[in-house]
Amino acid sequence: WVSYHDPAAQDTILFNQANGTGPYMLESWTPGEDIVLVRNENYWRAEDDPIWEGGPSGLASIPRVIIKLVNEWGTRLAMLEAGDADWIYVPSQYRPQLEPYYQETYGPDGTLMASNPNGYIQAWRDLPLVAMTPAQFNWNINVEGGNPFVGSGELDGNGVPPDFFSDIHVRKAFNYCFDFDAMIQDALNGEGVQAQGPIIQGMMGYREGEDSLYHFDLDKCTEEFQQAWDGAVWDNGFYLQLAYNTGNDTRRLASEILKAGIESVNPDFNISVVGMPWPVLLNQRRAQKLPIYVGGWQEDFHDPHNWVHPFLHSQGAYGRVINMTEPFASEFDELIQQAASSADPEVRRPIYEEIQLKAQEDAVVIWMYQAVGRQHLQPWIKGFYYNPAYNQASYSFVYALTKEAP
């Protein structure tokens, strides 16, 4: 099992094979361009068997769904304006651009909040997201065979060594050099909160009433850098590449905010922000080549275990590429196991609160932000509903939709 699990995507049987019994079938997939779905005429759900009372049932109303990969924001917007797209993803920083054109604005429960007869967009706002985005350090970077993301691979002003982030002063400095307020106000348009640790706001283990241990403070950032690696970081400078997934402008802005803060304290500090197609980023992350990247987590099930294990356990989805050194790795593994060994919330809560605090104190990563979402559709699309368990890029709601003539 250890040898087989988590194979490269292209090596799996299901990489390019449809597998499911849902209301749509895969007609075609052109990697990097589009996915085309067609209605499953043999779908098993009967007309008198709705998903919930008053919900969709029977065959899907919309016979054909085309999901296009369009990374460039201006192109997506033009498609919406021309009526060529029924739904588009709108990053936080671009939402004010569309607000004057909202025809109908709905809250998370479907209540109409505002209407504008001169608008042309159906908007759903204040949608709570069970997602959080950090900037993730790699404490033991893989440089086997060469690694351009770390430059020279040495602390000589032209790179960083593989264990660069194993020094807690480096990690704390990066945290203090990140302008959390600018991130939330400028990149998220005020629609989000600073993350406190791996556990999101509103969940057991979140330390209610407490602020994050870190805030934007260039003086403290400087102090930490001057202590890092016995002063060698400050004296020699460094270079590394910071990655994010292409098309996610919110993460691009987060990366640029971090770059600006760090480079402002020492002219010998240099960071290159690098956008990568999502599959490329995943492959480089899996190979443990990336020294630092901005990427989020969307919960699989609503429990704090599904937050602390992915980020902090040595075998977690992100934990195994964060590569924490000892004793940090074993300490987190033990706490996570303790919390998972009980079904009693009163036993689990203090353990998760301890994990949450320790994840900040150890500056495992930069716990950046937890955002609030919106959805933007054409007014002729009816039946949209919001389920926070679906992420922003989920198309699970399509089954419930109907499409009227424009």
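The values are calculated or read from the model by the stated rules, or taken from the named source; none is laboratory data. Model, not experiment: these values are computed from the prediction. Here Cβ is always computed from backbone atoms with ideal geometry, including for glycine, and neighbour counts include all displayed protein chains.
Here are a few things to note about the model shown:
- Out of Ile62, Ile88, sole residue that is within 23 Å of the chain's Cα centre (by Cα) and of a type in the set (A, V, I, L, M, F, W, C): Ile88
- For Pro96, the criteria (1) closer than 19 Å to Glu404 by Cβ; (2) surrounded by fewer than 12 Cβ atoms within 10 Å (Cβ to Cβ); (3) within 23 Å of the chain's Cα centre (by Cα) hold in every case but one, which is (1).
- Residue in region 327-350 that is modelled with pLDDT of 95 or more and within 16 Å of the chain's Cα centre (by Cα) present: no
- In region 348-382, residue farthest from Gly110 (Cα to Cα) [restricted to those that are β-branched (Val, Ile, Thr) and crowded, with 20+ Cβ neighbours inside 10 Å]: Val364
- Within this structure, Leu312 passes the test of being more than 25 Å from Gly159 (Cα to Cα), out of contact with any Leu (no Cβ under 7 Å at 6 or more places or on another chain) and not charged (D, E, K, R).
So that you can scan it fast, the table gives a plain yes or no per residue for (1) closer than 16 Å to Pro134 by Cα; (2) at pLDDT below 95:
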{"site": "Glu223", "(1), (2)": "no, no"}
{"site": "Gln226", "(1), (2)": "no, no"}
{"site": "Tyr239", "(1), (2)": "no, no"}
{"site": "Leu242", "(1), (2)": "yes, no"}
{"site": "Asn245", "(1), (2)": "yes, no"}
{"site": "Thr250", "(1), (2)": "yes, yes"}
{"site": "Ala254", "(1), (2)": "yes, no"}
{"site": "Glu263", "(1), (2)": "no, no"}
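- Wholly enclosed strands (runs of 3 or more DSSP E) of region 3-86 bearing at least 2 residues loosely packed, with under 14 Cβ neighbours inside 10 Å and free of Cβ contacts under 8 Å to residues at least 24 places away in the same chain: 24-30
- The single condition among (1) crowded, with 20+ Cβ neighbours inside 10 Å; (2) closer than 24 Å to Ala195 by Cβ that Val273 does not satisfy is (1).
- Filter result (hydrophobic (A, V, I, L, M, F, W, C), more than 22 Å from Met132 (Cβ to Cβ) and modelled with pLDDT of 95 or more) within region 364-387: Leu377, Trp380, Ile381
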